[in-house]
Amino acid sequence: MSSIRRIPAPSLRVGMYLHKIGGSWLSHPFIRSSFLLTDAEDVRKIMESGIDSVWIDESKGDALQDVEAVGEAPYPDDIGAAVELPGTPAPDPQGSSEGAKRIHAVSSSLDVEIERARNICLAGKAQVQEMFSDLRLGRTVEQESVLPLVEEIAASVWRNPAAMISVARLKTHDDYSYLHSVAVSALMLALARQLKLDDRMVRVAGVGGLMHDLGKAFMPLEILNKPGRLTDEEFAVMKTHPEAGADALREGGCEPEVIDVSLHHHERMDGRGYPYGLKDDEISLLARMGAVCDVYDAVTSIRPYKRPWDPAMAMREMARWDGHFDNRVFNAFVKSVGIYPVGSLVRLASDRLAVIVEPGVESLLKPKVRAFYSTRSREKILPQVIDLAAPDCRESIVSPESPEQWGLSNLESLWL
Ligand SMILES: [Fe+2]
């Protein structure tokens, strides 16, 4: 017999394991819909949000004893089943916001989470591809359809942000458009949490990231897939994708903020962006966040006309782009992804090249690295993992480096 049962919301008690909240994920008060209720405040929020009934998992928490279950309605397995691991609550690496405290996530090691992130990326890629096809066929897409995927991405980011963010960066020419959406969703979720946005806004950021570039579905394929730089005329056509996307999202009944991210993710703080050339406060916070996440993923991904930038080099370059981004948002972005994101190439004080294999816990400047190349002998050396935060460690990072300049490729094999 299933351990999952539907109960009236007023029967919910601390100690029960909330498996699924009825109604729209966007309208309920938590970023996750599956977690152990440990706080009476969370129970109160569910009552106050007008939710009639919830599903609880009696194998993971207290059972319903005195109150009648709402019929025998089985839990629909295909709707938003969250991935949950046994373990201890994840520490909030950013100092914890109220919103983050409510997120009952559990941590997982980078290795374990990378495997999960790969699967989520595969599923996400397929779903985004389907949305592109639907739009090309004149169908509408609704944000409700992406909520389970965004919840999966969010769950992975809460467990270990570096995994999803690093895996979603790796793309081929062919899957760029689809995986870019998944990557921007993950980056938006991490950034929203870093900015201490409330849970609803965190969710909207994730959905906005996933749907921000759907307008590309309406762009001519010969321009979208052109293996080279666009001409001015072609670029003028591509610049219509934010409005095309916003129109499609409006038709699908998406939240105004989700439409806003689609419409304004190419605006710049100095007014030199498109489609409207908005400036400063004319651009919403979510659209400013979208701009940073979109550019970071675009420049660190392989494109038909360029090699990807190293992630740490991208951070350094983007910091120099005057007038493009909102400084507060960009600084939060650096904190959420890292000055040296996983997979970055760096030079160490000992004249060795190394790849970042794990972000620093105490300091963004002291990640865990794998040294593998001597810059003196210009030869590969026996790989060595070094924790730069270890008390006895005298090694340090001197600078980010370009893999291209050192003739290095396939750095993924050193951290993936
Ligand atoms: Fe775009």
- Message: Of the conditions (1) in contact with a Gly (Cβ under 8 Å, 6 or more places away or on another chain); (2) closer than 28 Å to Val342 by Cα; (3) not hydrophobic (A, V, I, L, M, F, W, C), Gly277 satisfies every one except a single condition; which number is it?
- Response: (2)
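So how many residues does the stretch 260-297 have that are within 12 Å of Gly208 (Cβ to Cβ) and buried (at least 21 other Cβ atoms within 10 Å of the Cβ)? If you could, list the steps in order and put the result at the bottom.
Of all residues in the stretch 260-297, those within 12 Å of Gly208 (Cβ to Cβ) come to 260-265, 284-291, 293-294.
Filter once more, so that each one left must be buried (at least 21 other Cβ atoms within 10 Å of the Cβ): 260-265, 286-291, 293-294.
Residues in the stretch 260-297 being within 12 Å of Gly208 (Cβ to Cβ) and buried (at least 21 other Cβ atoms within 10 Å of the Cβ): 14 in total.
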- So is Lys279 free of Cβ contacts under 8 Å to residues at least 60 places away in the same chain and within 12 Å of the ligand (Cβ to nearest atom) or not? no
- Query: Of the residues Ala246, Ala217, which is touching a residue at least 40 places away in the same chain (Cβ under 8 Å), within 14 Å of the ligand (Cβ to nearest atom) and of a type in the set (A, V, I, L, M)?
  - Reply: Ala217
- Among what's in the stretch 220-239 and is within 14 Å of the ligand (Cβ to nearest atom) and either outside the structural domain of Ser177 (by TED's automatic domain parsing) or within 25 Å of the chain's Cα centre (by Cα) (or both), pick the residue that is nearest to Ser133 (Cα to Cα). Leu224
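Which one is surrounded by the fewest Cβ atoms within 10 Å (Cβ to Cβ) among residues in the stretch 134-177 that are of a type in the set (S, T, N, Q) and farther than 26 Å from Pro256 by Cβ? Reasoning before the result, please.
To start, the set of residues in the stretch 134-177 that are of a type in the set (S, T, N, Q) comprises 140, 143, 145, 156, 160, 166, 172, 177.
Still in the running and farther than 26 Å from Pro256 by Cβ: 156, 160, 166, 172.
Working: Ser156: 27, Asn160: 26, Ser166: 30, Thr172: 9.
By that ranking, first place goes to Thr172.
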- Query: Taking the stretch 373-389, which residues are under 29 Å from the mean Cα position of the chain (by Cα), open to solvent by less than 70 Å² (accessible area, probe 1.4 Å) and aliphatic (A, V, I, L, M)?
  - Reply: Ile386, Leu388, Ala389
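Listed residues Ala354, Ala312; which is part of a helix (DSSP H, G or I) and buried (at least 23 other Cβ atoms within 10 Å of the Cβ)? Outline the logic, then answer.
Values: Ala354 fails: part of a helix (DSSP H, G or I).
That would be Ala312, the only listed residue that is part of a helix (DSSP H, G or I) and buried (at least 23 other Cβ atoms within 10 Å of the Cβ).
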- Could you tell me whether the stretch 217-238 includes any residue that is out of contact with any strand residue (DSSP E or B) (no Cβ under 8 Å at 6 or more places or on another chain), open to solvent by 10 Å² or more (accessible area, probe 1.4 Å), of a type in the set (Lys, Arg) and at pLDDT 95 or above? no
- From Val106, Val83, grab the single residue that is modelled with pLDDT under 90 and open to solvent by 40 Å² or more (accessible area, probe 1.4 Å). Val83
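Would you confirm, using the coordinates I've provided, whether Arg268 is more than 22 Å from Gly138 (Cα to Cα), at pLDDT 95 or above and either away from the ligand (no atom under 11 Å from the Cβ) or touching a Ser or Thr at 6+ places or on another chain (Cβ under 6 Å) (or both)? Talk me through it step by step, then tell me what you get.
Details: more than 22 Å from Gly138 (Cα to Cα): yes; at pLDDT 95 or above: yes; either away from the ligand (no atom under 11 Å from the Cβ) or touching a Ser or Thr at 6+ places or on another chain (Cβ under 6 Å) (or both): yes.
In short, yes.
The values are calculated or read from the model by the stated rules, or taken from the named source; none is laboratory data. Everything numeric here is computed off the predicted structure, so don't read it as measured data. Virtual Cβ from ideal backbone geometry, glycine too; neighbours counted across all protein chains shown. Side chains included, ligands, DNA and RNA excluded: accessible areas come from the protein's heavy atoms. Shrake-Rupley method; radii C 1.70, N 1.55, O 1.52, S 1.80 Å.
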